[in-house]
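K.L.:
Dropping a structure here in structure tokens format, bear with me for questions.
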Amino acid sequence: MRLGIIGAGAVAGFHAQGAADLDGLELSAVCDLREEVATAVAAPWGAAVFTDYQAMLEAGVVDAVVINTPHSLHKDMVLAAAAHGVHVLVEKPMATTMADCLLMEQACADADVVMVVGMIQHFMAEKLAAQAALASGELGRVLMIHDYRSTDYRPGTRPAWFFDKDISGGGALINIGAHCLDRSLWVGGAPAVRIAASTLHRFGAPVETDGVMELTLANGVEVRIAIVSDTPEHIDEMLVVCELGTVTVDPRKGTFMEVDGVRTQLHASASHDIQNAFTAQLADFVAAVGGAAPSVSGDHAKHVVELVLAAYTAAELGEPVRLDAAGSLVNQA
């Protein structure tokens, strides 16, 4: 299968290496508005370089694409790929509106092409180790999750589009918070039925730089997510509280379980964990193109977008909002 990458920044290199590592997959084209950036990703693999994604699709050199571009651009690019019969792995967040998510799904269904949303947390070794421990039953039911991540939303620390709400859809919540929502819902085992949120706008940034989200899942699990900019040390930790013990998950330190005072290391983090996760995600996408069910469903990916938007509503109102059993916003709580 010939793979193209649209958007050569950020994690494009991981996708390119993943394509090289998998049998039956060839990186055939890379597209970016900046030719030199596309060339840097394409050159090691002899892939063609484009600066116009429409031209790449029209050239007939790809069977599937990874869309790794600013959030609000996902919809038009997915629709264009579908129109050319090209399968799509689109990075999270799926889109910036629910209407766009539905248009993307419908276009791919009508064109009989596969669309998978890239939710990398589901392939990270430390998260998989935690899920295996939870599935074993040794810890009992999940009761509460605390997810804490640092980031940096000071203007000048990242590309300008991150600070343009029309392009990004928002700030720290839609970008970093989407990861936290994804993994917390996955570990918690149910969609959310209630969400409260608050945001901060620091450093003169036009989008939120920090935020807190508090969720109740349909199975009663309580989730608290905090995203904070410009902390003294990088933080990326989940704490999962269960009936019989606790689990901590940190991609830098590993995964640890404590039951009745006894601490066990479930995973020791390694430098190759991130690349392995992107390669596994790409393998999952290839399998989905072949007819298998993807590890992350479209409904889950849409629910993450829905919750980010609900969090913005709750923050603006200053009070929680409620969602129905399917995870759709119904009214104020």
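The values are calculated or read from the model by the stated rules, or taken from the named source; none is laboratory data. Here the structure is a predicted model, which is why all the values come from computation and not from measurement. With ideal geometry, Cβ positions are generated from the backbone for all residues, glycine too; neighbour counts draw on all protein chains shown. These accessible areas exclude ligands, DNA and RNA; they are computed on the full protein's heavy atoms, side chains included. Shrake-Rupley method; radii C 1.70, N 1.55, O 1.52, S 1.80 Å.
K.L.:
Could you give the radius of gyration (one decimal) and Dmax (whole number) of the Cα atoms in the range 99-233, in Å?
P.N.:
17.0, 49
K.L.:
Still on this structure, please answer the following. Over its Cα atoms, what ratio of radius of gyration to 2.2 N^0.38 Å does the range 75-154 give? Intermediate values should be presented prior to the final figure.
P.N.:
Values: Rg = 17.5 Å, N = 80, 2.2 N^0.38 = 11.6 Å.
Relative to the 2.2 N^0.38 Å estimate, the range 75-154 comes out at 1.51.
K.L.:
Counting only protein heavy atoms, what percent of the accessible surface of the chain is carbon or sulfur at a 1.4 Å probe? Don't skip to the end; give the middle numbers.
P.N.:
Working: 7360 of 13800 Å².
Exposed carbon and sulfur together represent 53 percent of the surface.
K.L.:
For the range 208-221, in order, what is each residue's ³J(HN,Hα) by Karplus, 6.51 cos²θ - 1.76 cosθ + 1.60 with θ = phi - 60°, in whole Hz (x at glycine and Pro)?
P.N.:
Couplings: 5, 9, 9, x, 10, 10, 10, 10, 10, 8, 4, 8, x, 5 Hz.
K.L.:
Output the direction-averaged projected area (hull surface divided by four) of the convex hull of the alpha-carbon atoms of the chain, in nm². Let's see the in-between values first.
P.N.:
Values: hull surface 67.1 nm².
About 16.8 nm², averaged over all directions.
K.L.:
Using Cα pairs under 8 angstrom and six or more residues apart, how large is the relative contact order of the range 1-150, in percent?
P.N.:
Working: 239 pairs, mean separation 26.6, N = 150.
Averaging sequence separation for qualifying contacts and normalising by length gives 18 percent for the range 1-150.
K.L.:
When the Karplus curve 6.51 cos²θ - 1.76 cosθ + 1.60 is applied with θ = phi - 60°, which whole-Hz ³J(HN,Hα) does each residue of the range 229-242 get, with x for Gly and Pro?
P.N.:
3J(HN,Hα) across the range 229-242, in whole Hz: 8, 6, 8, x, 9, 5, 10, 7, 9, 10, 10, 10, 9, 10.
K.L.:
Please list the non-local residues whose amide H lies under 5 Å from the amide H of G220, H modeled 1.01 Å from N, same-chain partners needing a gap of 5 or more.
P.N.:
none
K.L.:
I've got another one for you. Evaluate the relative contact order of the range 195-333 (contact order divided by residue number), counting alpha-carbon pairs under 8 angstrom at least 6 apart; express in whole percent.
P.N.:
On the way: 180 pairs, mean separation 28.2, N = 139.
RCO, the range 195-333: 20 percent.
K.L.:
A further question follows. So what's Rg/Rh here for the range 37-101, counting alpha carbon atoms and using the Kirkwood radius for Rh? Intermediate results must be reported in sequence, preceding the final value.
P.N.:
Details: Rg = 12.3 Å, Rh = 12.6 Å.
Dividing the radius of gyration by the Kirkwood radius yields 0.98.
K.L.:
7 Å from Cα along Cα→Cβ at both W45 and D324: what's the point-to-point distance in nm?
P.N.:
According to this spin-label approximation, the distance is 4.2 nm.
K.L.:
Between S297 and A132, what FRET efficiency follows from the Cβ-Cβ distance if R0 is 22 Å, with the result rounded to 0.05?
P.N.:
Details: r = 20 Å, r/R0 = 0.91.
Computed FRET efficiency for S297 and A132 comes out at 0.65.
K.L.:
Same structure again: Under a 1.4 Å probe, what is the accessible area of the range 69-206 per residue, stated in Å²? Don't jump to the answer; show the numbers that get you there.
P.N.:
Values: 5160 Å² over 138 residues.
Ligands and nucleic acids excluded, the figure is 37 Å² per residue.
K.L.:
What are the extents of the Cα atoms of the range 127-190 along their three principal axes, listed from largest to smallest and rounded to whole Å?
P.N.:
Taking the Cα atoms of the range 127-190, the three principal extents are 46, 20, 18 Å.
K.L.:
Mind telling me which of V308, V88, V61 comes out most flexible in a GNM of the chain, alpha-carbon contacts under 10 Å?
P.N.:
V61
K.L.:
Sum -39500 (n - 2.57) across every DSSP H segment of at least 4 residues in the chain, then divide by the residue count to get the 222 nm mean residue ellipticity, nearest 500.
P.N.:
Numbers: 10 runs with 112 residues, N = 333.
Value at 222 nm, helices only: -10000 deg cm²/dmol.
K.L.:
For the chain, what is the number of Lys pairs with C-alpha distance below 26 angstrom, counting only pairs 8 or more positions apart or on separate chains?
P.N.:
10
K.L.:
Check T69: other-chain or 5+ apart residues with amide H under 5 Å from its amide H, H built from backbone geometry?
P.N.:
E91
K.L.:
Out of the trypsin sites (Lys or Arg not before Pro) in the range 190-291, which ones are loop residues according to DSSP with at most 16 other C-beta atoms within 10 Å? All intermediate terms of the calculation are to be shown ahead of the outcome.
P.N.:
Numbers: sites: R194, R202, R224, R252, K253, R263; in loops: R202, R252, K253.
Passing sites in the range 190-291 are R202, R252, K253.
K.L.:
Can you figure out the FRET efficiency of D52 with A10, using R₀ = 22 Å and their beta-carbon distance, to the nearest 0.05? Display every interim value, and only then the final one.
P.N.:
Values: r = 20 Å, r/R0 = 0.90.
For R0 = 22 Å, the calculated efficiency reads 0.65.
K.L.:
Which is the longest run of the chain containing none of the GluC sites (Glu not before Pro) found in DSSP loop states (not H, G, I, E, B) with at most 15 other C-beta atoms within 10 Å?
P.N.:
Working: sites that count: E138, E233, E243.
The longest uninterrupted stretch comes out as 1-137.
K.L.:
Which ³J(HN,Hα) values in Hz, rounded to whole numbers, follow from the phi angles of the range 141-156 under the Karplus curve 6.51 cos²θ - 1.76 cosθ + 1.60, where θ = phi - 60° and Gly and Pro get x?
P.N.:
After applying 6.51 cos²θ - 1.76 cosθ + 1.60, I find 6, 6, 10, 8, 10, 10, 10, 10, 9, 9, 8, 8, 10, 6, x, x Hz.
K.L.:
What's log10 of I(q)/I(0) for the range 224-281 at q = 0.20, 0.29 Å⁻¹, Debye sum over Cα points only, no solvent?
P.N.:
Rounded to two decimals, the profile gives -0.91, -1.12.
K.L.:
Compute the separation of the alpha-carbon centres of the range 214-284 and the range 111-155 and state it in Å as a whole number.
P.N.:
8 Å
K.L.:
A further question follows. Averaged across orientations, what area in nm² does the convex hull of the alpha carbons in the range 1-110 project? List each step's numbers first, then the result.
P.N.:
Values: hull surface 24.6 nm².
Approximately 6.2 nm², given one-decimal rounding.
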